[in-house]
Structure formats: structure tokens, C-alpha cells
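What follows is one structure encoded as C-alpha cells, with my remarks underneath.
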Amino acid sequence: MTDYYRSSGDADSTQQQPSVGSSGSSAGVQGPAYPPPPAYGPTAPPAHHRGRAKAPVAVLAAVAIAAAIIGGGTATLVGRYSSTGTSSGETIVSGTTVSQTSKGTVAGVAQAVSPTIVEITASSNSGQSTGSGVIITSDGEIITNNHVISGASTVKVQLSDGKTYNAQVVGTDADKDLALIKLDGASGLKTAALGNSGQVRVGDEVVAIGSPEGLTGTVTSGIISALNRDVTVAKDQGQGQDQGQGQGQQWGGGNWPFEFGGQQFNGDTGSSKTTYKALQTDASLNPGNSGGALINMNGEIIGINSAMYAPSSSSVDGSSGAGSVGLGFAIPINTVKSDLAALRDGGTN
């Protein structure tokens, strides 16, 4: 081994290095002398080392800042969507929502929302009517149509799991064809998430859930066909009941008499009636769907189904005729939300 590779602590610290191009042996060869490597202080690394040491720190700092920004933005978005189901910032009634893996599918919406839809049987001196409703509180507040429970002496509700309750009418608003009922002794119920009908667009996919002809939990799907349709329905007690049974059966077996575009459908609406703005849908609706839910693909209720056109009257046995032809209407959920406080106070009618 040559003296070149001796440590700087050797006695002969002035040993010459071989010249450039030498074979590596120093014997008999004179070359330029190289100074010994500088002595580094215990806390002072070389300048080029100090420069390199800063780069990872700068990179890590930049990554940390970027992560904080992205993380904060993600947290904000998650917070908005998890609390309301919409990025509008509007307060809604929270409840069951569609799982992430099933979002955007009819099956996912049906699985998530069906437990919040009920069948309502209203009995009066003139018979019975069957409709649907939407659970909005865990202790059993349910939104439905006024014409489903109008004139009823008793109201019974069946949940999706088959359990039944008696219910009391809390408030009604015949002008908007809305009613609020409350189950006796209920608790821990799954509740629907109320969306924002102001964000609904023509062509949006929707799902309808209700109890047409008493078939509890029936699911149909379609799209939003139009917005802000003027629909006129009856206000008087007994008019427009969904599914009359036995003696006293009225209004063509309960085919939801209503007026639209200057024409009457499914019977006579009578002299006492009201007009409201409705969402039009081609999702199949039949007698018994009234008061049920029209739902967007996020599992949010955007409307309460309230009227449908059936081209023929009911048959002799009391069941409806041809049924839905894809011309149905729903009360926008924003109308419902704006009316909730009044309904809880007993309503306006």
C-alpha cells in the first residue's frame, strides 16, 4: 500500500501524490503535492454538505404544507356532505343514506331508504284509504299527504319490518296537501334524509317508494320530467282518498282526482281545491303511493308523491284500472321543510 493512503495522522504528512496518469505507484515519481483533507469541526460540516442537508428539509416542509391544505379541504368537504348530504350548506333532517359502494344505484337507494317509508291506513265512516309516509324523526314523526288522512277517525301505520303502530294527526295543511302524524310510543326508528329540491334538474334519475294497492315497500324508478307544474287537488275531507274499500268508496276507487293544464283527471276534484307547484316524474306511481317518497340517487328525499294520472277508472272489485302511465307529481321537499314548523304547531287548516 502506498503512502498516499496513509491517514493524515502519520508522521510524514508531506508525502507526495503520484502524478496524473501514473500507474498508482509512487516509487521514483515526483508529482504535484496535494494538501491533506481539511479538518472538520465537530459542528461545522462542509459547505456542500450543508447545502444538501437543507434540500430534504425544504421538501418535507413543502409536503407537510401541501398535505395540510389538501387534508383541510378534504375534511371540509367530508364535513359538508356527511352532515347534510349536499354541499349547499342548507340544514336538512339527517338520516339513513346510501352506502358509498351502492351510491347511484336503484338497489342502493332502495336498501337505504326503504326502512324509512311506511304504509298508512286511515279509517273513517266512509271506509278506508291506504297511502304512504316518510319517517323524519326517530320517535315517529311522519310526513304524508293531507288527502291520505283527511277525515280519518283512526290512523294505523305499518313499518317496513311489519311492526304496526297507532298514530295521531299532529297537523295538516290542506293548501299544500301535507300532513304530519306521530306514532304512539315509537323510538329508535330510522329516519329519512331530506334533500334540496331546489337543486333538482330535469332528467335527474329518481326512485319512488310507497305502498301502491297496499303492496308495502314497492320500488319504482324514473327521471324528473319537468319542474314547477301547477297541480290542483281537492281540499275537502274524504276527497282524493287513495284506495277506498267497502261501502262509502269514493272518487273512482281513490284514483287521486286532480287538475292539470285545465283538465280534470281521475274524477272530480270538487269545489274546494288548492294548487301547488310540483315536480313531474315518469317513475311509476299508483294509488297507495300518495304520501310516499320521491328520492334522488344519493338517497335524499326530494319530493312527497301526491298525484298521478290513471287513464281508466277503477274496476268493479275496487282496484285501479290501467295504473300509472308515467305521469306523476310530487310536492317538492323544500315546500315540506318550510311547512314543518307550522305542521308541528297544528298546521294552518
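Tabulated values for the structure
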| quantity | calculated |
| --- | --- |
| Hits in the stretch 163-197 - residues which are open to solvent by 40 Å² or more (accessible area, probe 1.4 Å) and assigned to a loop (DSSP other than H, G, I, E, B) | Lys163, Asp175, Lys176, Asp184, Gly185, Ser187, Gly188, Lys190 |
| Pair list, Cβ under 8 Å, 6 or more apart: the stretch 252-274 residue of a type outside the set (Gly, Ala, Ser), other residue modelled with pLDDT under 80 and part of a helix (DSSP H, G or I) | Pro257/Trp251; Asn266/Trp251; Asn266/Gly252; Asp268/Trp251 |
| Residue match in the stretch 305-325 (condition: crowded, with 24+ Cβ neighbours inside 10 Å, of a type outside the set (A, V, I, L, M, F, W, C) and modelled with pLDDT of 80 or more) | yes |
| Condition broken by Ser138, with the remaining ones in (1) at pLDDT below 95; (2) surrounded by fewer than 24 Cβ atoms within 10 Å (Cβ to Cβ) satisfied | (1) |
| Residue satisfying condition, being touching a residue at least 60 places away in the same chain (Cβ under 8 Å), open to solvent by 10 Å² or more (accessible area, probe 1.4 Å) and not in a strand (DSSP E or B), within set Thr216, Thr220 | Thr216 |
| In the stretch 151-162, the residues that are crowded, with 21+ Cβ neighbours inside 10 Å and farther than 13 Å from Thr130 by Cβ | Leu159 |
| Any hit, the stretch 327-349, residues being modelled with pLDDT under 80 and in contact with a Lys or Arg (Cβ under 8 Å, 6 or more places away or on another chain) | yes |
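The values are calculated or read from the model by the stated rules, or taken from the named source; none is laboratory data. Here the structure is a predicted model, which is why all the values come from computation and not from measurement. Heads up, the Cβs are rebuilt from the backbone with ideal geometry, glycines too, and the neighbour counts pull from every protein chain shown. Remember, those area values only see protein heavy atoms, side chains included, never the ligands or the DNA or RNA. Shrake-Rupley method; radii C 1.70, N 1.55, O 1.52, S 1.80 Å.
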